[in-house]
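Okay, so here's the structure we're looking at.
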Amino acid sequence: MNRACFTLLLAGLVSAPVWAQVRLQLLGTYSTGIYNAGGTEISAYDPQTKRVFSTNAKNSVLDVLDLRDPAAPTLMFSISLSRYGSTPNSVAARDGIVAVSLDAAVKTDPGAVVFFDANGQFLKSVTVGAVPDMVVFTPDGKRLLVANEAEPNDACDVNPEGSVSIIDLSGGIQAVTQDRVKTADFKAFTRANIDPRIRIYGPNATVAQDLEPEYIAVSPDSKTAWVTLQENNALGILDIETATFTKLVALGFKDHMLPGNAIDASDRDGAINIANWPVLGMYQPDSIASFQAGGKIYLATANEGDSREWRGCNEETRVGSVKLDPAAFPEETFLKFQANLGRLRTTKASGDSNGDGLNERIYTYGARSFSIWDDQGRLVFDSGDDFERITAAAHPDSFNSTHTSNISFDTRSDDKGPEPEALTVGEVDNRWYAFIGMERIGGIFVYDITNPAAVRLVQYVNHRNFYLSTKSGEARDLGPEGFVFVRAADSPNGRPLLVVSNEISGTVSVYQVVAAR
């Protein structure tokens, strides 16, 4: 973000910098009335019926919302899911077909994808990998891809293999059988032939067990998919036709000592202190989306960060508890002050490259940014420290707060800051935009990404009331988790929409993308 933009933000013009072509306008909100219990998480939109399908883990149902009037989304009915599996994780919709992924009763067992029509009638069910997360139809509608995250159990003594299931829909939904499900796994990769920067660190885990697919983006020609491997700080490139991962890409690290890459690293300094520190951020993206610019495919990622924090394999620690190599960190005592880096969450799995018990590097989770990569996983753009600087200007009394309390100033600074998680992209009036959600402080950033080499901030908007109890239902949207962009051609009102699922508040909000004035 350039200095002129930041000056405008400080002047109170946070919601619409001067070059903005579009802005988000809130139309309406549906509330489940369920607080901090998974009342909403991921949604999908069906253009045929103008309905939104929203996962409700608390009630183990799929809530079906009428979106014919985007200003008044209302619950039509709910589809019971309890007979098909345990927790619903994700949903996708296309051509009147709705696909839902569900965990097994025992999380590490194979999960399921269940297909319904838009009226909730059961159509098909197939078995997929363990902990099936994101589901997505290919643009041609011939396949459904499922990211099987395959997390270990809490003791970390059962660790299934991560994979992507590819369900063949080319013969229509009635032709779907288990034989039409292919599995793209990671068995071909070993520690000897992958980039050592890819984090393989689970106890006694093979590469195939350690890699955990999180989110999927698909090329416009439906031939290639890019899969985020969040905990591993990597990207998998998938040939869909052959169900083969052709490449694993290490995403590398963000140097927080560089100008424009500053972070607030402490929750015990009592202030907003966005500064440069000798820390490397692991990008560890969650959401990913693809788009085309100049005839090339690019990938946008929300660099949330994530750790393995299980009873049997907890990698988390704090910088204050790590022994630092004095040659690399002669100022160790200063860095370990709680107001500096002492409270910053780091990992026990990385940093000591020579095994002498001293860390030559300090790593932290996530990059507190969104990035654009080319189709081979090479970094093209990163938003740097935009998110923390802009949210600090917009909500100085609630900077880096958490999503479950409105009395939580600075409490997330030692962790992942505003924690970008949800992301989608959309084309409006021949320009591409990225929409990125901040899971903790809340709100949505909008960037013009039409030229990936010259990305511009468009807007930051936050539909959260910081002055009322988060449990009251009057604090509005908390914890944006899933985004759906609706093209103008598919929209009930003829204008592009952004559907936002908020996990903590249990709300689904609908924004209209309008021309800025």
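Does the stretch 38-48 include one or more residues that are more than 22 Å from Ala422 (Cβ to Cβ), in contact (Cβ under 8 Å) with a residue 24 or more places away in the chain and more than 21 Å from the chain's Cα centre (by Cα)? Scanning the stretch 38-48 turns up at least one residue that is more than 22 Å from Ala422 (Cβ to Cβ), in contact (Cβ under 8 Å) with a residue 24 or more places away in the chain and more than 21 Å from the chain's Cα centre (by Cα). For the stretch 415-428, the count of residues that are buried (at least 21 other Cβ atoms within 10 Å of the Cβ) and over 18 Å from the mean Cα position of the chain (by Cα) is zero.
Within the stretch 457-470, no residue satisfies the criterion of being of a type in the set (Lys, Arg) and either at pLDDT below 95 or surrounded by fewer than 18 Cβ atoms within 10 Å (Cβ to Cβ) (or both).
For the stretch 189-289, the strands (runs of 3 or more DSSP E) that sit wholly inside it and include 2 or more residues that are at negative phi, surrounded by fewer than 19 Cβ atoms within 10 Å (Cβ to Cβ) and not hydroxyl-bearing (Ser, Thr, Tyr) are 234-239, 244-250, 253-255.
So for the stretch 256-266 (the condition being without any contact (Cβ under 8 Å) to a residue 24 or more places away in the chain and within 29 Å of Leu144 (Cα to Cα)), does at least one residue qualify?
There is no residue in the stretch 256-266 that is without any contact (Cβ under 8 Å) to a residue 24 or more places away in the chain and within 29 Å of Leu144 (Cα to Cα).
Within the stretch 215-226, does at least one residue satisfy the condition of being at pLDDT 95 or above, under 22 Å from Asp168 (Cα atoms), among the acidic types (Asp, Glu) and in contact with a helix residue (DSSP H, G or I) (Cβ under 7 Å, 6 or more places away or on another chain)? The answer is no; no qualifying residue exists. Taken over the stretch 324-358, the residue count meeting the criterion of being surrounded by 13 or more Cβ atoms within 10 Å (Cβ to Cβ) and either closer than 30 Å to Pro213 by Cβ or free of Cβ contacts under 8 Å to residues at least 60 places away in the same chain (or both) is 18.
Pairs linking a residue in the stretch 187-199 that is closer than 19 Å to Gly366 by Cα to a residue that is part of a loop (DSSP other than H, G, I, E, B) and among the small types (Gly, Ala, Ser), with Cβ atoms under 7 Å and 6 or more positions apart or on different chains, are Arg197/Gly252; Arg199/Ala349; Arg199/Ser350.
Pairs meeting the criteria (first residue in the stretch 92-103 and assigned to a strand (DSSP E or B), second residue polar (S, T, N, Q), beta carbons under 7 Å, at least 6 apart or on different chains) are Ser101/Asn89; Ser101/Ser90; Leu102/Ser86; Leu102/Thr87; Leu102/Asn89.
The values are calculated or read from the model by the stated rules, or taken from the named source; none is laboratory data. None of these values were measured; they are calculated from a predicted model. In this analysis, Cβ positions are derived from the backbone assuming ideal geometry, glycine residues included, and neighbour counts consider all displayed protein chains.
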